[in-house]
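Trainee: The following block contains the structure, expressed as structure tokens.
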């Protein structure tokens, strides 16, 4: 007999949130990830998962398909960790329609797949956060490839992998702001330039076809990430523009376009226009054909097992914790006289769309890190001089396209905040600019002015880091 419980009179168990949940993250009652604030303070952030993009039609089919996909992941996890498929595990798979023989086939061929393509597993289910796009998830694999480059690998078991959301998911992991994360302590790690930002890998095993008895094996699919970065930034931009304003109240966007509506952002992300580059209110997105086969041809390169790699993969890269930390409350200094602020505003508004968008993206990033330097309503020395430095640098970049914006800005900051901190790829440009105190902001402005006037020049260290040096 089934016991009937009166929910209005019988108290149930009280659950305490957040709890450690899916993907190794702390999660609230809605299943959203709770992560420490990027500024290192006591505040926390609520992030979505890397697969939670509004790009594909939500799946409303039988949940057993999701459970089967999870089992494929679990088989690979156990295999890579040297664990066996015990009786209870196999019995659970049988309840999902996956026979013991098929489970063993998945595990065996996974090992062959890795060896065939020269992949050495560095990290399994690595917990990460992407503060720029406010995503918290775990990467299925970070693998060292035979060409000496570490890449993100995602395991997929659906029938069709030609999905925009898959490309953006991989871009989320390979994004420069995506770093290892320790949920127990809230610490963020870094791996600098170790992760390839141009290509990622999908390991595809269509479990549904295998259950039907088709001859199925693992497929290596190489994914170009440029389109994923554009799509992801378009949607992340929309979310940021709701909460933040850039200098002098112009809409913030890291892309050169007005802030889209929600429907337009979805259209941007899903732009499937037969291969033509599509503009929506000035927004340019990558070439993403609507036809699935064309999509794969444009973005994904499928490797057959004939592409055997014999060279051994290098050792796994170690995740390094940043040795420097950012200040959480830099000195603001005195207020700046209104005439100087008015002149700076005019100079800022005189920049082209690219320049204002570049500065707006840096300010947004700093705001997300709790290091706001928007001078509107609070024109302190720190805020005004930081913005003045960026405006001067933008004039330099507009006049000479040979300058790399990120490297040059870090090069200007190196003698001011220290080379170790300026070169740390674990910190974004917005974080580095925003961490400057009033005195450092003034030096940054002067350094940018020297570069604009030609009395400073760029040099490069033996390791390739940019430095801006003032002539003696």
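The values are calculated or read from the model by the stated rules, or taken from the named source; none is laboratory data. Not measured: the values here are computed from a predicted model. No Cβ is skipped: glycine too gets one built from the backbone with ideal geometry, and neighbour counts run over all protein chains shown.
Trainee: May I ask you to verify whether residue 118 is within 23 Å of residue 221 (Cβ to Cβ) and part of a helix (DSSP H, G or I)?
Mentor: no
Trainee: Sticking with this one: Would region 169-179 turn up any residue that is more than 11 Å from the chain's Cα centre (by Cα), in a helix (DSSP H, G or I) and surrounded by 22 or more Cβ atoms within 10 Å (Cβ to Cβ)? Show your work before the answer.
Mentor: Within region 169-179, the first condition is being more than 11 Å from the chain's Cα centre (by Cα), and the residues that meet it are none.
Among the residues of region 169-179, not one is more than 11 Å from the chain's Cα centre (by Cα), in a helix (DSSP H, G or I) and surrounded by 22 or more Cβ atoms within 10 Å (Cβ to Cβ), which makes the answer no.
Trainee: To continue, here is another question. All but one of (1) without any contact (Cβ under 8 Å) to a residue 40 or more places away in the chain; (2) part of a helix (DSSP H, G or I); (3) farther than 20 Å from residue 190 by Cβ hold for residue 377, so report the exception by its number.
Mentor: Only one criterion is unmet by residue 377, namely (2).
Trainee: Mind listing whichever residues of region 150-159 are buried (at least 22 other Cβ atoms within 10 Å of the Cβ) and out of contact with any strand residue (DSSP E or B) (no Cβ under 6 Å at 6 or more places or on another chain)?
Mentor: The one that is buried (at least 22 other Cβ atoms within 10 Å of the Cβ) and out of contact with any strand residue (DSSP E or B) (no Cβ under 6 Å at 6 or more places or on another chain): 157.
Trainee: Working carefully through the options 162, 240, 203, 234, find the one that is surrounded by 16 or more Cβ atoms within 10 Å (Cβ to Cβ), at pLDDT below 80, touching a helix residue (DSSP H, G or I) at 6+ places or on another chain (Cβ under 7 Å) and not in a helix (DSSP H, G or I). Talk me through it step by step, then tell me what you get.
Mentor: Details: 240 fails: not in a helix (DSSP H, G or I); 203 fails: at pLDDT below 80; 234 fails: not in a helix (DSSP H, G or I).
Every option except 162 fails the conditions.
Trainee: I'm told residue 208 meets every condition in (1) within 28 Å of residue 98 (Cα to Cα); (2) not in a helix (DSSP H, G or I) except one. Can you identify the failing condition by its number?
Mentor: Condition (2) is where residue 208 drops out.
Trainee: Inspect region 75-90 for any residue being in the same structural domain as residue 216 (by TED's automatic domain parsing) and touching a residue at least 60 places away in the same chain (Cβ under 8 Å) and give the result as yes or no. Walk me through it before giving the result.
Mentor: Just the residues of region 75-90 that are in the same structural domain as residue 216 (by TED's automatic domain parsing), to begin with: 75-90.
Filter once more, so that each one left must be touching a residue at least 60 places away in the same chain (Cβ under 8 Å): 76, 80.
Yes, region 75-90 contains at least one residue that is in the same structural domain as residue 216 (by TED's automatic domain parsing) and touching a residue at least 60 places away in the same chain (Cβ under 8 Å).
Trainee: A further question follows. If residue 79 satisfies all but one of (1) loosely packed, with under 15 Cβ neighbours inside 10 Å; (2) in contact with a helix residue (DSSP H, G or I) (Cβ under 8 Å, 6 or more places away or on another chain); (3) within 22 Å of residue 144 (Cβ to Cβ), what's the number of the condition it fails?
Mentor: (1)
Trainee: So residue 212 passes all but one of these: (1) touching a helix residue (DSSP H, G or I) at 6+ places or on another chain (Cβ under 9 Å); (2) modelled with pLDDT of 85 or more. Which condition number does it fail?
Mentor: Condition (1) is where residue 212 drops out.
Trainee: May I ask you to verify whether residue 446 is in a helix (DSSP H, G or I) and modelled with pLDDT under 85?
Mentor: Here the answer is no, as residue 446 does not meet what is asked.
The rows are residues; the columns are (1) surrounded by 15 or more Cβ atoms within 10 Å (Cβ to Cβ); (2) assigned by TED's automatic domain parsing to the domain that holds residue 216; (3) at pLDDT below 90; (4) touching a helix residue (DSSP H, G or I) at 6+ places or on another chain (Cβ under 9 Å).
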site	(1), (2), (3), (4)
60	no, yes, yes, no
99	no, yes, no, yes
111	no, yes, no, yes
136	yes, yes, yes, yes
148	no, yes, yes, no
